[in-house]
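Report on one structure; see the data block that follows.
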Amino acid sequence: MPHPVIAIHAGAGAIARAELSAGREFEIRAALEAALEAGWKVLDADGASLDAVEQAVRVLEDCPLFNAGCGAVFNAEAEIELDACIMAGNGLRAGAVAGLRTVRNPVSLARAVMEHTPHVLLAGAGAEAFARSRGLEPVPPIYFQTIERRQALARVRAGAATADKDRHGTVGAVALDWAGDLAAATSTGGMTNKRQGRIGDSPIVGAGTYADQRVAVSCTGDGEVFLRCNAAFRVSALMELAGTTATQAARRTLALVKRLGGSGGMIAIDKSGAVTMPFNSEGMYRGIRRSNSSVRTGIYREDTQRRLP
Ligand code: ASP
């Protein structure tokens, strides 16, 4: 029987290596570890992968370092609009939300859409009203705003943004539980300076988020390219139709993303608990926790050489 495992990412919009201070690296790794522990606690107590990915993503949404929930990027009107999706491999159940402005934890609203409506995706005012009807914690728009993201917006507007961290980011989790069920969740503020109303790949089932009985996937990167590639579903399709492993399928999908001009990465777990975390950007915040090993986190490629998948 495969053992449970959880993997997370906090976006391919990583700080450039040259700019990363030891203090900031410590904060980032501590936040990744806290998210992994939140998800792992669920799995270790024989809980469901769906609960594990939701709990891990909530921790990342609440952390101002990452582009989701508090700390999300600004759109072209200097507002924050949030997207999220959650999916259970067992039964192909999914829920998603887009364009949220006052919901503290979009991933939990996505789950409510899945469990308490006949729909898959709710956007804008209707999604906000549904959140209130479910009693989800509302916050004022200022709750999400950070000075760092405001400065990034100014740099992008001035054409002075050089690092991925100014442009985008996202958080996500994938997990396998003791019952052998897979789940995936993704949450994001999208791309800095995006047009008001723009929706990226993250809340779109099969683009930025996907889980079935074979594999669970969460993506991060240039959303328009991931959308056009159907990136998350493509991983499962390649495994089924081309007989590849999850690692090969994820790499092939990212190669296509790159050919189309997109940068980013993804995390995936297959039914056996094998984890893959490829990216073609300078870095991708990421981490993994499984039963027989301790928490491992990574930012750049050399962390992979230190045996992160
Ligand atoms: N994929 C996200 C979006 O386009 C952004 C990111 O992951 O960096 O909304």
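Let me know the shape class of the chain, please: from the alpha-carbon gyration tensor, a ≥ b ≥ c as square roots of the eigenvalues, rounded when a/c is under 1.5, otherwise prolate if a/b is greater than b/c, or oblate.
Numbers: a/c = 1.37, a/b = 1.14, b/c = 1.20.
Verdict is rounded for the chain.
Highest mean first, the peptides 29-35, 280-286 sorted by other C-beta atoms within 10 Å per residue fall in the order 280-286, 29-35.
Model label points for residue 93 and residue 142, set 7 angstrom from Cα along the Cα-to-Cβ axis, are 3.9 nm apart. Computed 3J(HN,Hα) for segment 273-285, one whole-Hz value per residue from the Karplus formula 6.51 cos²θ - 1.76 cosθ + 1.60 where θ = phi - 60°, is x, 6, 10, 9, 9, x, 8, 10, 8, 4, x, 8, 5, glycine and proline marked x. Mean sequence separation of contacting Cα pairs (under 8 Å, at least six apart), scaled by the length of segment 128-276, corresponds to a relative contact order of 19 percent. Note on segment 197-309: with charges restricted to the Cβ of Lys and Arg (+1) and Asp and Glu (-1), its dipole about the Cα centre is near 280 debye.
Here the dipole of segment 31-106 is about 160 debye; that uses its Cα centre as origin and unit charges on the Cβ of Lys and Arg (positive) and Asp and Glu (negative). Residue by residue, segment 227-232 carries 3J(HN,Hα) couplings of 4, 5, 8, 6, 4, 5 Hz when phi is fed to the Karplus relation 6.51 cos²θ - 1.76 cosθ + 1.60 (θ = phi - 60°); x denotes Gly or Pro. The distance between label points at residue 244 and residue 259 comes to 1.0 nm (points 7 Å beyond Cα on the Cα→Cβ vector).
Mean residue ellipticity, 222 nm, helices only, the chain: the sum of -39500 (n - 2.57) across DSSP H runs of n ≥ 4, divided by residue count and rounded to 500, is -10500 deg cm²/dmol. Simple rule: put +1 on each Lys or Arg Cβ and -1 on each Asp or Glu Cβ in the chain, find the dipole, and look at 42, 106, 275; the Cα lying farthest toward the positive end is 275.
Using C-alpha pairs below 8 Å separated by at least 6 residues, the relative contact order for the chain is 25 percent.
Between the residues 121, 80, 32, the greatest Cα displacement towards the positive end of the dipole of segment 14-124, with unit charges on the Cβ of Lys, Arg, Asp and Glu, is found for 121.
Read the figures in this text as sums done on the coordinates, not as results from a lab. As the structure is a prediction and not an experimental result, all values here were calculated from the model. Here Cβ is always computed from backbone atoms with ideal geometry, including for glycine, and neighbour counts include all displayed protein chains.
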